[in-house]
Amino acid sequence: MKWVLIVESSEIDREYLARIIERLGYKLFSAKSGEEALHFMNQSLPNTLIMGERIPDYDPLELGRTIKEDRILSSPPMLLMTSNTDQFFHEKARQAGFAEIVQRPMSIRKFFTSLEMCLSNNRRLCIRAPMSFTVLLKQGIDKLSMNTHNFGEKGMYIPTTDPLPVRTEVNLEFKLPGLRNDFSFRSQIVHTQESDTDEFPAGMGIKFLDVKPAIETVFGIYMENFLAKRITITA
């Protein structure tokens, strides 16, 4: 399982970020100071480090440079959260080693995208949320009812030990918990995984085809609310 280290002295900010990160399924640790973060990283390297502005013993850019210049500690990508809007400051932050910068007040969508960029080696992903609900797959006259593992703006992941072949087209029908409207899309299998891993069970990744921008916006807002715990889903 991938894990994230938060360096932030504000308990309120740490708890807020923790709720979002844990709902995404990642393991989380936190440090209240730069020294605590460096000690922690010398014991075990996180997959990503998130740094706030309020660090009592370090300037955030100084701490970023310290980590960047260390041959061992420099491997995890770093994300900086800042209220400083000055582009010169942002450039200095990137020079100090920060791969992603999230502006405060924080957009959950921007934070999620930046975090996923760090965790997936800069491979841009759509916003996703871990949730379960029933999906109906139709291929010709065949119908199959299954459950999702997680849901995204542009697709979903369905656990199964018998995935359909890649490039297979299916019609999906589902209803998001809490919303009245049914959704139906032409979709395509774009990824299959035949065995379980630490991160995902065996299954298949499905991409929505011909989704209108307005629907993508609805999905994005829905998942932002889900990740911020404004929507509660019971499996």
Charge sum, other residues only, whose C-beta stays under 14 Å from Thr148's C-beta, Lys/Arg counted +1 and Asp/Glu -1: +2
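Sorted by mean Cβ packing within 10 Å, highest first, what order do the peptides 58-70, 167-179 take? Present the calculation step by step, with values, prior to reporting the outcome.
Working: 58-70: 17.6, 167-179: 15.1.
Descending packing order for the listed peptides: 58-70, 167-179.
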Proximal charge balance of Ser10 [Cβ under 11 Å; K/R count +1, D/E count -1]: -2
24 Å Cα-Cα reach of Lys68 towards lysines, excluding residues that sit fewer than 8 places from it in its own chain: Lys2, Lys27, Lys32, Lys92, Lys110
Amide proton proximity set for Val7, modelled H, under 5 Å, gap of 5+: Ala31, Ile50, Met51, Gly52
Relative frequency of Cα-Cα separations exceeding 30 Å in the chain, percent: 33
Karplus (6.51, -1.76, 1.60) ³J(HN,Hα), θ = phi - 60°, over segment 59-70, in Hz, Gly and Pro reported as x: 6, x, 5, 5, 5, x, 5, 4, 5, 4, 7, 8
Semi-axis lengths, Å, segment 1-130, gyration tensor of Cα atoms, sqrt of 5 times eigenvalues: 19, 17, 15
Segment 149-174 versus segment 21-40: alpha-carbon centroid distance in Å: 33
Residue-count net charge about Asn181 - beta-carbon cut-off 12 Å; Lys, Arg +1, Asp, Glu -1: 0
Reciprocal mean inverse distance between Cα atoms of segment 129-227 - Kirkwood radius, Å: 13.8
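We did not get these values from a lab; they are worked out from the coordinates using the rules stated. Quick caveat: nothing in here was measured; it's all calculated off a predicted structure. No Cβ is skipped: glycine too gets one built from the backbone with ideal geometry, and neighbour counts run over all protein chains shown.
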